[in-house]
1. Return the pairs, sorted by first residue and then second, in which the second residue is of a type in the set (Asp, Glu), the first residue lies in region 57-79 and is free of Cβ contacts under 8 Å to residues at least 40 places away in the same chain, the beta carbons are less than 6 Å apart, and the residues are 6+ apart or on different chains.
2. How many of the residues in region 48-81 are away from the ligand (no atom under 16 Å from the Cβ) and of a type in the set (Lys, Arg)?
3. Scan region 196-209 and give yes if some residue there is more than 16 Å from the ligand (Cβ to nearest atom), surrounded by fewer than 21 Cβ atoms within 10 Å (Cβ to Cβ), under 16 Å from ARG144 (Cβ atoms) and within 17 Å of the chain's Cα centre (by Cα), otherwise no.
4. Out of MET185, MET190, I need the residue that is in contact with a helix residue (DSSP H, G or I) (Cβ under 6 Å, 6 or more places away or on another chain), closer than 21 Å to GLY41 by Cα and away from the ligand (no atom under 11 Å from the Cβ). Which one?
5. Might you check whether a residue that is crowded, with 24+ Cβ neighbours inside 10 Å, within 16 Å of the chain's Cα centre (by Cα), within 14 Å of the ligand (Cβ to nearest atom) and modelled with pLDDT under 95 occurs anywhere in region 147-154?
Amino acid sequence: MGIAENVKAILAELGPGVGLVAAAKTRSAAEVLQAVEAGVGIVGENYVQEAAAVFPAVGRRARWHFIGRLQKNKAKKAVELFDLIETVDSAALGRELDKRAAAAGKTMEVLIEVNSGREPQKAGVLPEAAEALARELAALPRLRVLGVMTMGPFAGDPEDSRPYFAETRRVFDALRRAAIPGVEMRLLSMGMSHSWRVAVEEGSNLVRIGTAIFGPRP
Ligand SMILES: *Cc1c(COP(=O)(O)O)cnc(C)c1O
């Protein structure tokens, strides 16, 4: 199947309650444009440079989510290009984004990335540290915290991802109950090509899908 058929099939199965982010790393501008024309509303990019290369073809016909690891020296460009940064996992990164957003006259939407698998080499805050980070980010006037994102450990069997999605859902619910002023728990971003059905069962309302839209990465 082609990109457009893949997008239409996934959107039909997702239904209206779950947003679809096309995870576009390594894909050409023409491929990403096809996905957007088929109905993808959000493009997810892992690298600021790649996003800048694809952006002219797509522009603001889609929203742009940053889903990679953001280096501080890329924060300025990221604030200009992206509508939402899904991967904020430290107050230092939050402060940098806040500063850049103020300079750009913009309010930056962010998600808190949770290291649900407690993997030392992985990005994200540990589940028990999410609330403290949410409070620090809430104090930054140019940031709007809108939810939580996780990757989870890579698993061949999607069922193996379920406990990590459930753990992230608990963080999301706890942050919602904490009712921190300036923090809204609207988006729960979890699930990729092989695991999105399990993620949605566990409460995800934003899935990030690359391979199942575009085919295997080169
Ligand atoms: C690549 C990527 C995805 C999508 O992965 P697929 O397995 O190709 O669907 C989702 N989220 C992030 C953060 C990624 O880097």
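1. Listed by first residue and then by second, the contacts come to ARG63/ASP83; TRP64/ASP83; LYS72/GLU96; ALA75/GLU96.
2. So the answer is 5.
3. No, there is no match, as no residue in region 196-209 is more than 16 Å from the ligand (Cβ to nearest atom), surrounded by fewer than 21 Cβ atoms within 10 Å (Cβ to Cβ), under 16 Å from ARG144 (Cβ atoms) and within 17 Å of the chain's Cα centre (by Cα).
4. Matching residue, one of MET185, MET190: MET185.
5. Checked against the condition, which is being crowded, with 24+ Cβ neighbours inside 10 Å, within 16 Å of the chain's Cα centre (by Cα), within 14 Å of the ligand (Cβ to nearest atom) and modelled with pLDDT under 95, region 147-154 yields at least one hit.
The values are calculated or read from the model by the stated rules, or taken from the named source; none is laboratory data. These figures come from a predicted structure and were not determined experimentally. Cβ sites come from the backbone with ideal geometry, for glycine too, and all protein chains shown count toward neighbours.
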